[in-house]
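Throughout, read-outs are computed from the coordinates displayed, never taken from laboratory work. Treat the numbers as computed from the prediction; the structure is a model and nothing was measured. Using ideal geometry, Cβ is built from the backbone for each residue, glycine included, and neighbour counts are taken over all protein chains shown.
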């Protein structure tokens, strides 16, 4: 497939994550699918995003939102066919939209032919494609490593009479990335989809590909208490973020670099000061290690200012930043900071230097949906319940209109929808002051003004509950002021300019002089007079 040549397009793009199962159903089975997604491309064009990132659509038993893959090179019938996928790629590219696929290199489903062969015999050609170990001296698991979904990460197999390792579900055995044949097979998977025209990958669990070869026990987490989920009561020193993992990422990046105009993003772990390692030095790694600092920061001016500054300082020279405010396994941010401040976050996300990512539904302020116990799908909640970590509330289907089923399906939705009459796409498209209209306005402004994409960020001291900064590019300068409280505050800036947009969407293109009174929960973008 012929590719367009727009060097480093991902530095200017707005990227929109979609869990296809929750986006749009086309056949009434209650599950979103690729034909349904195709029906909603006009909405994506209207919104103004540049690329979509899809959670897994590969063949899968669907025990963990499709992250348990039984065939890396096939589309699961739940979502459609490979022909539907090809049509999606072709249609997206015709509309100048790009497609990023979730890539899951750490593990497969236990139904994958690779694992079936590996467990069948210690003499099978794929015998060492997974992590197999002998029992400990007492006959139990080889060490104390824990699954993220609770309990030991080692599962006994009666056929091989050995344990296999699984970072997640027992039905998701980890691949052995120390085996060169495994690495080459996964690189071929990447090439399969890149040749079909995908524009890049988001690499799932990219920090856990290599585990300690000495099988040393993980130490206790000194910060753990009774409120800490059991899987987090050990520090994953010997299972996560091993130095050898960076070699694996470099190999994946090398595949990306075989193709023009493609990007590799990655789910990474650890503190902000570790994020630079995932960009690489002499050998490039990820273009965009995903940064969740805005989600993890206390929503107050000083912590926000400090964490944003710390992130920028942690970037290697020449590295491009990114900002993520939502995702399929992250709490809905509007439920955390409230609807008025969700507007402030939208302005912050789309004016900071770096590639913005948001999750389908964030643009209408979706909040976590209450899930009855009998409807729970998330294995985390099923296996480690009681710690408030159920991810189903964030995965509720997209409400397109105010009908009972939200225009998502004509059948029984796979997860319950919230109150569609309170918040839906159609309603907000008709309201020129809605959060959705604000997203559209900000994305459009970002596209028009190079300072908001390519410009440098100039910090401004935050005062009086207002977070402020400037973006500059070739003589133009834009000042952003964000009131983080529910009361009016004076924004102390000097000079004059043009007010381009308010988060309230009731004034724009007006002359403005500082200082300025910001209303409760109001943010402004001002183009300073040159």
> How many percent of the alpha carbon pairs in the range 166-306 exceed a separation of 26 Å?
Replying inline: 34 percent
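Rounded to the nearest 5, what % of the DSSP beta bridges within the chain are antiparallel ones?
In the chain, approximately 65 percent of DSSP beta bridges are antiparallel ones.
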> Please state the relative contact order of the range 108-176 as a whole percent: Cα pairs under 8 Å, 6+ residues apart?
Replying inline: 33 percent
> What does the highest-first list of 164-171, 354-361, 117-124 look like by mean Cβ count within 10 Å?
Replying inline: 354-361, 164-171, 117-124
> Cα centroid distance between the range 396-445 and the range 183-228, in Å?
Replying inline: 34 Å
>> Please compute, over every Cα-Cα pair in the range 452-528, the percentage with a separation greater than 22 angstrom.
In response: 16 percent
>> Quick one: the Cα spread of the range 1-142 along its three principal axes, in angstroms, biggest first?
In response: 62, 40, 27
> When the distances between all Cα atoms of the range 301-393 are binned every 5 Å from zero, what whole-number percent does each bin get?
Replying inline: 3, 11, 19, 18, 16, 13, 10, 6, 2, 0, 0
> Rule-of-thumb check for the range 193-260: C-alpha Rg over 2.2 N^0.38 Å?
Replying inline: 1.54
>> Could you compute Rg(Cα) / (2.2 N^0.38 Å) for the chain, with N its residue count?
In response: 0.99
>> Could you tell me the relative contact order of the chain? Use alpha-carbon pairs under 8 Å, at least six residues apart, and round to a whole percent.
In response: 13 percent
> Given the alpha-carbon gyration tensor of the range 239-363, what are the semi-axes of its equivalent ellipsoid in whole angstrom, ordered largest first, with each equal to the square root of 5 times an eigenvalue?
Replying inline: 27, 16, 14
>> Limiting things to C-alpha atoms, what are the Rg and the maximum Cα-Cα separation (Dmax) for the range 7-80, in angstroms?
In response: 13.5, 41
> Roughly how compact is the range 400-530, stated as its Cα Rg over 2.2 N^0.38 Å to two decimals?
Replying inline: 1.30
>> Please compute the contact order of the range 1-92 in relative form: average sequence separation of alpha-carbon pairs under 8 Å and at least six residues apart, divided by the residue count, as a percent.
In response: 25 percent
>> Could you check the spin-label model distance between residue 156 and residue 226? Points 7 Å from the Cα along Cα→Cβ, value in nm.
In response: 3.2 nm
> Which log10 I(q)/I(0) values, to two decimals, does the range 108-176 give at q = 0.18, 0.23 Å⁻¹ under the Debye formula with one point per Cα?
Replying inline: -0.60, -0.96
>> Let me see the P(r) profile for the range 276-337: every Cα-Cα distance counted, bins of 10 Å, each bin given as a percent of all pairs.
In response: 20, 45, 28, 6, 0
>> Please give the Cα centre distance for the range 99-169 versus the range 330-375, rounded to the nearest Å.
In response: 36 Å
